[in-house]
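Here is the structure we will look at, set down as structure tokens.
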Amino acid sequence: MDFDYDRILQGILDIGEEMVCCGAEVSRVEDSILRMCESYGAERINVFIITSNIQVTMEAPDGRILTHIRRLIRYDTNFDRLDYLNNLSRYICANKPDVCELRQKFDEVLARPKQSVWLHFIGCMLGAGAFAVFFGGSVKDGLASSLMAIVMVLFELFYAKQEKNQIVYHFVASVVAGICAHVFVALGIGDHVEMLMIGGIMLLIPGIALTNAVRDMLTGDIASGLLRLCNSLLIAAAIACGFALTIILLGGVL
């Protein structure tokens, strides 16, 4: 079968890009791209991935040297989609679909329904409330943290699409959460500002990114791991600064 290897490589990079954006470790994505390229008979395959860039060079069976570069600018952790992308990469290795079938299968994965918004609300409410109580807060603090989680999810739904800079977004989100914590305690809904803030921090802290950073470094991808680690630390610093700002401005007022 004759393949359009330029389009095939483009489709493979689409899959790799989506895997990185969904939260896959770099070594897994590099291995998946390598295996998919090999399944089409490519040789001398070189794959290099960091958190913001994918580069693939291969020698196609027809003798051409193909190089594709992809810039990564978004991150949206989605393990359900990642699972289906892994299955798609295995399907490609086993069946070597043509360009049209590859694109169709990829579009089917992207078309899978996302997590329900109401489930997101419930999860954030339970998480914020449980952490507030776990770290020594009262039942009122837990309930107030759950209410604060509703405000934070609404803020995420309306603001996250407009602000692509994650550092700025997390700073503003932490300011909103800090204001809510002070207002809820002032209204008597909660008892301790710091406990409500703990609940809000747990919804913002980049735990998955930190985990992936350490995992990348342990598997030898030092550059990707350090980039992810630096980005996570900057986001954590932005969160701390946002809550600190509300304490400075509202601590003696409310």
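The values are calculated or read from the model by the stated rules, or taken from the named source; none is laboratory data. If you're wondering where the values come from, they're calculated on a predicted model, not measured in any experiment. Here the Cβ positions follow ideal geometry from the backbone for every residue, glycine too, while neighbour counts run over all protein chains shown. Surface accessibility is based on the protein's heavy atoms, side chains included, excluding ligands, DNA and RNA. Shrake-Rupley method; radii C 1.70, N 1.55, O 1.52, S 1.80 Å.
Can you give the relative contact order of the chain as a percent, counting alpha carbon pairs under 8 Å and 6+ residues apart? Can you show the working numbers first?
Numbers: 360 pairs, mean separation 45.1, N = 254.
This gives 18 percent for the chain.
Using only helices, what value at 222 nm comes out for the chain when you add -39,500 (n - 2.57) per DSSP H run of length 4 or more and divide by the total residues, to the nearest 500 deg cm²/dmol?
That comes out to -23000 deg cm²/dmol.
Loop only by DSSP, 11 or fewer other Cβ within 10 Å of the Cβ. Give me the trypsin sites (Lys or Arg not before Pro) in the range 1-100 that pass, ordered by residue number. Numbers along the way, then the final one.
Working: sites: 7, 28, 35, 44, 64, 70, 71, 74, 81, 90; in loops: 64, 74.
Sparse-neighbourhood loop trypsin sites (Lys or Arg not before Pro): 64, 74.
Which whole-number value in Å² is the accessible area per residue of the chain, probe 1.4 Å?
Working: 13230 Å² over 254 residues.
Counting only protein heavy atoms, the per-residue value for the chain is 52 Å².
Tell me the trypsin sites (Lys or Arg not before Pro) within the range 145-244 that lie in a loop according to DSSP and have at most 12 other beta-carbon atoms within 10 Å.
Details: sites: 161, 164, 215, 228; in loops: 161, 164.
Of the trypsin sites (Lys or Arg not before Pro), the ones in loops of the range 145-244 whose Cβ has at most 12 other Cβ atoms within 10 Å are 161, 164.
Enter the angle in degrees (range 0 to 90, nearest 10) between the Cα long axis of helix 79-95 and the first principal axis of the Cα atoms of the chain, meaning the one along which they spread out most.
Once rounded, the angle reads 10 degrees.
Which value, in Å² rounded to 10, gives the accessible area of residue 189 with a 1.4 Å probe and all protein chains present?
60 Å²
Enter the Cα centre distance for the pair the range 17-41 and the range 132-202, rounded to the nearest angstrom.
Measuring centre to centre over Cα atoms gives 37 Å.
Give me the dipole magnitude in Debye, nearest 20, for the chain about the Cα centre, with unit charges on the beta carbon: positive for Lys and Arg, negative for Asp and Glu. Before the final figure, lay out the partial values.
Values: 20 positive and 27 negative charges, 91 e Å.
My answer is approximately 440 debye.
Please determine, in degrees from 0 to 90 and to the nearest 10, the orientation of helix 99-110 with respect to the longest principal axis defined by the Cα atoms of the chain, where the helix direction is its Cα long axis.
With both axes taken from Cα atoms, the answer is about 10 degrees.
Tell me the carbon and sulfur percent of the accessible area for the chain, rounded to whole percent, probe radius 1.4 Å.
Working: 8260 of 13230 Å².
C and S atoms contribute 62 percent here.
What is the range 5-111 by shape, rounded, prolate or oblate, if you read a ≥ b ≥ c off the alpha carbon gyration tensor as root eigenvalues and call it rounded for a/c under 1.5, prolate for a/b larger than b/c, and oblate otherwise?
Values: a/c = 1.83, a/b = 1.27, b/c = 1.45.
It is oblate, given that a/c is not under 1.5 and a/b is not larger than b/c.
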